[in-house]
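Reading through the structure tokens given below for one structure.
The values are calculated or read from the model by the stated rules, or taken from the named source; none is laboratory data. None of these values were measured; they are calculated from a predicted model. Note that each Cβ is placed from the backbone with ideal geometry, even for glycine, and that neighbours are counted across all protein chains shown.
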Amino acid sequence: MTTAETGISRRTVLIAGGTAVGALAVLGGGYWLGTTVGQNIEGTPKVGTELGSGKEPEILRSSGGKLTVDLIASYTEVTVAGKVARLKTYNGTTPGPTLMVKPGDLITVNFTNNLGEPTNLHMHGFHVSPSGNSDNVFVHIANGETFTYEYLLDTDHPAGPYWYHPHHHGMAADQVFAGLYGAVVIEDPKEIPVTTERVLVISDISIQSDGNVSGANMMSKMMGREGDILLLNGQIQPSYSTQQNAVERWRIVNSCTSRYLSLSFSGGSAVLLGKDSGRFSTPRQITEVSLAPGNRADLLITMGAEPVALSYTTVPHPDAMMMGASTQEYSNYPLATFTPDDSQAGSVDSIPPQQSGPDLRSSEIAAERAFTLAMPAMGGMGGMGNMNGGFTINGEPFNMDTINTSVSLGTVEEWTIVNSTTMDHPFHLHVWPMQVLSIGDNSVTDVEYQDVVNVPANSRSVVRMNFDRFDGLAVYHCHILDHEDLGMMGIIEANPA
């Protein structure tokens, strides 16, 4: 039996069917930037994360144009930093399994919720229908229910790294922070030759002394919570073995609830193929890359004879000192190390020509819109209750019964995202990838597509979208997930021309 808010029509959300949400046991105890809320759920102990184990998520690969997956969200006991922790997991692991698919595939996910609370599933970055049992974030799956999702990828769907995570309004931040995330790889129609392919999912978490995941208080929701444990593929500083002179393909996912990542590559050379769903026509030689929450990077890393470190440096938060936050800062902190053995990798062919998306700068614009992101003033909240309704887009907090923006299929629009606050916000639009025209004062001259675009503090970013297909309702929001949950989100409706 399933509960799904799938029949949204203009101003009303209709709930098809209905079952009561299971009771959730709440325990007190422990603090992380304030009061902690934890769940004490009994479960079978499993070892899913081990210090330095060098593991990668399980790969579930499509065959014959189809991939069918049974995905279960539940509490699982895993080992983090040498102690047992109760995490929310997909199929007993965090990250969940990697889905490896191709353009044109049909992906069927038989999703079961055993969390003791409602949830749902979002395929982040997919250019698919937002309606029915496709990438519909209005679906509500109560505890104990199973819901079957179907995602049909068009044959021209962009290749690249994507990911999946919960999107139940008001609960997304807690559920992602507690371990619910996994990668999706849409493979290239023409294979890029490499020695090895890796999926590297970066996350953070905080765990109480009793093993429960820490909650968040007013301050951490304002700032965007950042865990005090950094994980790569669910592990602390794992070490991987590679070959000398290997050319590796790294698909990196920033699945952090709020943390911006500045990543560098010491000991090897890096080429960036693209970010999110976008692919550069000319791959770029880089020494570092910045990923906002929800961003992904598609990279080629060339090894030598020495170890290569994937390292993280803290992105400064302008309001941290004002708010009295005391989070850990990092400088070239190695998230993972890749050590060549005595073997030599064989040579690989050069990168085949890459195709970027269409350049919309010469397209006729059907509408120009502005979206202003706002939040309560730092230091002026007065209390937790005053935060409700204070996180807005164009002065309105998220309302399930309000369609904020209506667009017509077959049109191109230009949006200016205005950030009226003193901290950066990553802006995410579902279904339709955005061509980035500018970020702050910096114009983007190449054709670059992303589905999460950073909007600097007290500045703006400009994007264009081609609403080429897929009618129905979707959302846009800040991908600091606490801000989304607190109202910095709007509903967009795409109508047939």
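For this structure, a couple of remarks:
- Single unsatisfied condition, LEU360 versus (1) more than 22 Å from PRO189 (Cβ to Cβ); (2) loosely packed, with under 13 Cβ neighbours inside 10 Å: (2)
- Residue in segment 76-108 that is nearest to the chain's Cα centre (by Cα), counting only those that are part of a strand (DSSP E or B) and surrounded by fewer than 21 Cβ atoms within 10 Å (Cβ to Cβ): MET100
- Single unsatisfied condition, THR445 versus (1) touching a residue at least 12 places away in the same chain (Cβ under 8 Å); (2) out of contact with any Phe, Trp or Tyr (no Cβ under 8 Å at 6 or more places or on another chain); (3) more than 30 Å from GLY472 (Cα to Cα); (4) of a type outside the set (D, E, K, R): (1)
- Test for GLY389: is it loosely packed, with under 15 Cβ neighbours inside 10 Å and modelled with pLDDT of 95 or more: no
- Taking strands (runs of 3 or more DSSP E) as the structural unit, no element lying wholly within segment 140-218 holds at least 3 residues that are surrounded by 24 or more Cβ atoms within 10 Å (Cβ to Cβ) and at pLDDT below 95.
- Number of positions in segment 68-94 that are β-branched (Val, Ile, Thr) and farther than 21 Å from PHE111 by Cα: 4
- Failed condition for SER220, given (1) small (Gly, Ala, Ser); (2) out of contact with any Ser or Thr (no Cβ under 8 Å at 6 or more places or on another chain); (3) under 18 Å from TYR75 (Cβ atoms): (3)
- Scanning segment 241-293 for residues that are among the polar types (S, T, N, Q) and without any contact (Cβ under 8 Å) to a residue 24 or more places away in the chain turns up GLN285, THR287.
- Sole residue being buried (at least 19 other Cβ atoms within 10 Å of the Cβ) and either within 22 Å of GLY357 (Cβ to Cβ) or among the small types (Gly, Ala, Ser) (or both), chosen from VAL463, VAL444: VAL463
- Filter result (in contact (Cβ under 8 Å) with a residue 60 or more places away in the chain and under 24 Å from the mean Cα position of the chain (by Cα)) within segment 362-373: PHE371, LEU373
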